[in-house]
Amino acid sequence: MEDLMLFASDLDQTLIYSHKTFISKEIDEQIRPVERLDDRFISYMTQNALNALKEIAQKALFVPVTTRTKLQYQRINFLSYGITHQYAVTSNGGTIFSEGVEDSDWSRLVIEGRDKCLAAQDLIKKFEEISHSSWVLKDSGKMADELFYYCLIDREKIPVTELAAFKLWARENNWELSIQGRKLYLVPLNVNKKAAILYIKEKEGISCVVAAGDSLLDLDMLKAADLGLAPAHGELYSLHIQGKSGLEKIKFTQKSGIEAAEEILESIPWSLANQIVV
């Protein structure tokens, strides 16, 4: 599969969006639902983005890569738009599905990697020293698929200095902290999107990877790709406009919100697969 491109993309706030991210009435009229929870639709793409993604999935190895749990990912409905894919990566890289079945070899490697990271219960205990009901929603903390921790927060009330110090401490103990919307994530470094994509890349013998994402949890995957794409919003864009180093390789969109997905999908250079050999 030398000439086949692997397109790995984050979902929420990269490809799919909630209704609050729609910008104009014109966009509102062409949105299509891609996720249903209980009795309502909660995530969408534009028809243009769906058309582009369908074409990509036919030409390349499209791999959805998400921090969502296995159950949360199963709510996403690409199939009704004719979009199929062999692989999916969930739980921030902790789980790989191949033809709908979990890859047991990958799961074993993830478990083996836990030894290099501080035990989750010890990390959470330390986090509880600074978490408070004034900014962390009571009883919202959960372990996702027994792989990482997340909770709901009020971003405007975050104790910035204390959280920054905790983030450094967590990193020293091989955990990453990321804030996306109203969720704060604490993820062990052995559970990551980059490693999962490189595993699939090697397994399929692919030489070229294009990746897209908007958060700190996507950064290593984007930097490891031959081309990294990111929307003009979110965690990475915030760092970009602050002039932070380490983002030079990433190409940011001009548009933000749901229209950024169209720009990401339409900017994939098909010639890349023939030009780059890694």
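The values are calculated or read from the model by the stated rules, or taken from the named source; none is laboratory data. Remember, it's a predicted structure, so these values are computed and weren't measured experimentally. Virtual Cβ from ideal backbone geometry, glycine too; neighbours counted across all protein chains shown. All accessible areas refer to the heavy atoms of the entire protein, side chains included, with ligands and DNA or RNA removed. Shrake-Rupley method; radii C 1.70, N 1.55, O 1.52, S 1.80 Å.
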Response to the item:
In this structure, the FRET efficiency calculated for GLU128 and ILE42 from their beta-carbon separation, with R0 = 41 Å, to the nearest 0.05, is 0.85
Response to the item:
Taking only the alpha-carbon positions of the range 47-133 as identical scatterers, the Debye log10 I(q)/I(0) at q = 0.18 Å⁻¹ comes out as -0.87
Practice prompt. Describe numerically, in nm with one decimal, the distance between label points set 7 Å from Cα along Cα→Cβ at GLU172 and at LEU109.
Written response: 3.1
Worksheet, complete the sentence: Whole-percent carbon and sulfur contribution to the accessible surface of the range 117-188 (1.4 Å, no ligands, DNA or RNA) stands at 50
Worksheet item: For the chain, with only Lys/Arg (+1) and Asp/Glu (-1) charged at the beta-carbon, what is the dipole magnitude about the Cα centre, in debye rounded to 20?
Response: 420
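State the Kirkwood hydrodynamic radius of the range 176-278 in Å, one decimal place, computed from all pairs of distinct Cα atoms.
Kirkwood hydrodynamic radius for the range 176-278: 14.5 Å.
Using the per-residue mean of other Cβ atoms lying within 10 Å as a proxy for protection, in what order, highest first, do the peptides 84-90, 97-103 fall? Don't skip to the end; give the middle numbers.
On the way: 84-90: 20.1, 97-103: 13.0.
Those peptides, ordered most packed to least, come out 84-90, 97-103.
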Item to complete: Return the sequence-ordered ³J(HN,Hα) values of the range 246-253 in whole Hz as given by the Karplus equation 6.51 cos²θ - 1.76 cosθ + 1.60 applied to θ = phi - 60°, using x for Gly and Pro.
Response: x, 10, 4, 7, 8, 9, 9, 6
Worksheet item: Amide H to amide H under 5 Å from SER215: which residues, 5+ apart in sequence or cross-chain, H placed 1.01 Å off N in plane?
Response: LEU236
Worksheet item: What Kirkwood radius, in Å to one decimal, follows from the Cα pairs of the range 117-188?
Response: 12.1
Item to complete: Consider a paramagnetic label point 7 Å from the Cα of GLU146 along Cα→Cβ; state which residues of the range 105-126 have an amide N under 19 Å from it.
Response: 105-124
Worksheet item: Relative to the longest principal Cα axis of the chain, at what angle does helix 160-172 sit, 0 to 90 degrees, rounded to 10?
Response: 80
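Using Stokes-Einstein with the Kirkwood hydrodynamic radius over Cα pairs, what translational diffusion coefficient do you get for the chain at 25 °C and a viscosity of 0.890 mPa s, in µm²/s rounded to a whole number? It would help to have the intermediate numbers written out before the result.
Values: Rh = 19.3 Å.
Estimated diffusion coefficient is 127 µm²/s.
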Item to complete: For helix 193-204, report the angle its Cα long axis makes with the longest principal axis of the Cα atoms of the chain; keep it between 0 and 90° and round to the nearest 10°.
Response: 40
Worksheet, complete the sentence: Projected onto their principal axes, the Cα atoms of the range 106-250 stretch, largest extent first, over whole-Å spans of 48, 38, 23
Worksheet item: Among LYS203/LYS244; LYS126/LYS157; LYS125/LYS244; LYS167/LYS193, which pairs are too far apart, with a Cα-Cα distance over 28 Å?
Response: LYS203/LYS244; LYS125/LYS244
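Using a 10 Å Cβ count of at most 14 others and DSSP loop calls, identify the longest part of the chain lacking such trypsin sites (Lys or Arg not before Pro). Mind showing how you got there, number by number?
Values: sites that count: ARG75, LYS138, ARG182, LYS244, LYS249.
Within the chain, the longest run free of exposed trypsin sites (Lys or Arg not before Pro) spans 1-74.
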